[in-house]
Every structure is written in structure tokens, then in C-alpha cells.
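Colleague: Got a structure here, written out as C-alpha cells. Questions coming.
The values are calculated or read from the model by the stated rules, or taken from the named source; none is laboratory data. No experiment lies behind these values; they were computed from the predicted model shown. We place every Cβ from the backbone using ideal geometry, glycine too, and count neighbours over all the protein chains shown.
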Amino acid sequence: MTGGSRGIGRACCERLAKAGARIAVNYHSRSEDAEETATLVRAAGSEAIIVQANVADEKSVVEMVKVVNDRLGPIDMLVNNAGIFEYVTPETTTLDHWKRTIDVNLTGLYIVTWAVKDQMIERRFGRIVNMSSISALRSRPYGIAYSASKAGIIAFTKSASEALIPFNIRMNAVAPGLIETEIIDDVDQQTIVRIVDQTPMKRIGQPEEVADVVHYLLSEASRFMLGQTLVACGGRVMLP
């Protein structure tokens, strides 16, 4: 689980642990949060380790995968959840901001996936879920780079899933709406009220609700699904 130290990532770790998965909790800089997630996983009756890596750095990711293999064994399932979001206006969307966002959210997802795919191919089994966003499906003038990165994840999921399915590696994606995590701490209350008003269910989501979707996509209950993006946003975006 990349980006597993808090928020949606933490909820996914707990949910998958309850289903019997052994969890490697990836974090970038917040080791105490990662340890807390690992504690919750163990309380759910499963095994957990924490492993530091910058997903945008290939060497760091390769070392992370080696640690996971040494301590937990082959990687059967991967959740690409690590990501960053910065609320910036079009005027303050700099090239540095663009590169930083794409590097972590999209290139990082590619690096991690490619770091584990060979062992999945060798064992002819793999289940991968990529975390996108409804920002990929609707305009977001105050998060242009973020929206582009999340739309790229959907395109990556479609193409890579078709390329990898001959090896019994099944990949899908999730596109959450506004979820009650630390990200909304920087969002003003007026904006949150407006988003809730635009949402047919008239509320924001909970991390556990996204975790349930991730669990479904990793499980055999979704065995005929490939390259799909499931939207979990209370109806704010409805696909045809």
C-alpha cells in the first residue's frame, strides 16, 4: 500500500487486513503515522510492516520492494495510493508545481507498478488498484496539474490492464470524490458547503467507504472487471 500512513491509505490497510491480507505500509516522511497504521493492522489480526520510500524515485522503490519481498514474501496485490495535492490558482501553477505533482501522482504509480509486475508475471497472479479522483472527470481550475495526473492514472489503468491480463494480472482504479481526510483541512468551509450541495447524497465521503471499493476490486468478487474506474463520490459525478 503506497501512501498508507493516513487517510484513505490507512483505511484501506485496515480493511484489507480484516480480509486476511498481510500489509506493507509505505510512507514517505511520516513514520509515526505509518507505525500507527501498522498497529491498527495488527489489531485487526494481520501482519504489518512499514517501509519508507519516495515513489517518484526508482532506486527508492526498488529497495522498498526488496524489503517487502524479504519480510513478507512475493507481492500479490498492490494499491497505488500515494499522491499529493496542492490547491493552486492557474496564475500560480508553476512548472515546478506541475513536475512535482506529475512525478508523484503519475510517474510514481508507474515506477511502483513496474517494480512489482515482473514477480507477478512470474507467478501469473496479480491484483492492482490505482487511486484516481473525480478531478480526472470534471474541471478543476484550481488544481490543473492534479487533475491531469489523475486523468493520466485512468488512461494508464486502461492500457496497462490490457497489457498485463494475459499474465492474470488484473488492474482497475477508483475515483473518489471529496473524502474526510487531511486534504480538506486546507479547504475553506464555504467550498465544502458548496461541494456538499452539489452532491446528491448531501455529504462528503468517509475513507472507509473508499476502502470497501478497493477491497472489492482486489477480491474475486470483481473477477470479470478489468481496466475500469469505479467512482465513489455520492453522485457528484455520474458516468454513462
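Colleague: Can you name every residue in segment 198-227 that is in a loop (DSSP other than H, G, I, E, B) and surrounded by 16 or more Cβ atoms within 10 Å (Cβ to Cβ)?
Modeller: Across segment 198-227, the qualifying residues are 199, 204, 226, 227.
Colleague: Taking segment 40-57 as the region of interest, how many residues are assigned to a helix (DSSP H, G or I) and either acidic (Asp, Glu) or touching a strand residue (DSSP E or B) at 6+ places or on another chain (Cβ under 8 Å) (or both)?
Modeller: 2
Conditions tested, residue by residue: (1) surrounded by 15 or more Cβ atoms within 10 Å (Cβ to Cβ); (2) among the aromatic types (Phe, Trp, Tyr); (3) closer than 22 Å to residue 182 by Cβ.
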position	(1), (2), (3)
33	yes, no, yes
46	yes, no, no
51	yes, no, yes
75	yes, no, no
91	no, no, no
115	yes, no, no
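Colleague: Related question: Would you mention how many residues in segment 21-59 are modelled with pLDDT under 95 and basic (Lys, Arg)?
Modeller: The qualifying residues number 1.
Colleague: Out of the residues in segment 117-134 that are of a type in the set (Lys, Arg) and in a helix (DSSP H, G or I), which is surrounded by the fewest Cβ atoms within 10 Å (Cβ to Cβ)?
Modeller: 123
Colleague: Every residue in segment 145-163 that is over 19 Å from the mean Cα position of the chain (by Cα) and not small (Gly, Ala, Ser), please.
Modeller: 162
Colleague: Please enumerate the residues belonging to segment 91-101 that are part of a helix (DSSP H, G or I) and either farther than 21 Å from residue 30 by Cα or of a type in the set (D, E, K, R) (or both).
Modeller: 91, 92, 95, 96, 97, 98, 99, 100
Colleague: Give all pairs with beta carbons closer than 7 Å in which a residue from segment 115-144 that is in contact (Cβ under 8 Å) with a residue 12 or more places away in the chain and over 17 Å from residue 227 (Cα atoms) meets a residue that is among the hydroxyl-bearing types (Ser, Thr, Tyr) and surrounded by fewer than 20 Cβ atoms within 10 Å (Cβ to Cβ); count only pairs at least 6 apart in sequence or on separate chains.
Modeller: Within 7 Å, the pairs are 142/87; 142/89; 143/87; 144/93.
Colleague: Quick one: what pairs do we get from segment 186-212, first residue in contact (Cβ under 8 Å) with a residue 12 or more places away in the chain, second surrounded by fewer than 15 Cβ atoms within 10 Å (Cβ to Cβ) and among the small types (Gly, Ala, Ser), C-beta under 6 Å, 6+ apart or different chains?
Modeller: Hits for this filter: 200/235; 201/235.
Colleague: Moving on. Looking only at segment 41-73, how many residues end up being out of contact with any Lys or Arg (no Cβ under 6 Å at 6 or more places or on another chain) and closer than 24 Å to residue 121 by Cβ?
Modeller: 20
Colleague: Looking at 79, 88, 112, which is the one that is in contact (Cβ under 8 Å) with a residue 12 or more places away in the chain, assigned to a helix (DSSP H, G or I) and either of a type outside the set (Ser, Thr, Tyr) or more than 25 Å from residue 220 (Cβ to Cβ) (or both)?
Modeller: Of the residues listed, the single one that is in contact (Cβ under 8 Å) with a residue 12 or more places away in the chain, assigned to a helix (DSSP H, G or I) and either of a type outside the set (Ser, Thr, Tyr) or more than 25 Å from residue 220 (Cβ to Cβ) (or both) is 112.
Colleague: Same structure again: Here are some conditions: (1) over 22 Å from residue 214 (Cα atoms); (2) under 17 Å from the mean Cα position of the chain (by Cα); (3) assigned to a helix (DSSP H, G or I); (4) of a type in the set (Gly, Ala, Ser). Residue 60 meets all but one. Which one does it not meet?
Modeller: (2)
Colleague: Restricting segment 142-197 to residues that are of a type in the set (S, T, N, Q) and surrounded by fewer than 23 Cβ atoms within 10 Å (Cβ to Cβ), which is farthest from residue 112 (Cα to Cα)?
Modeller: 190
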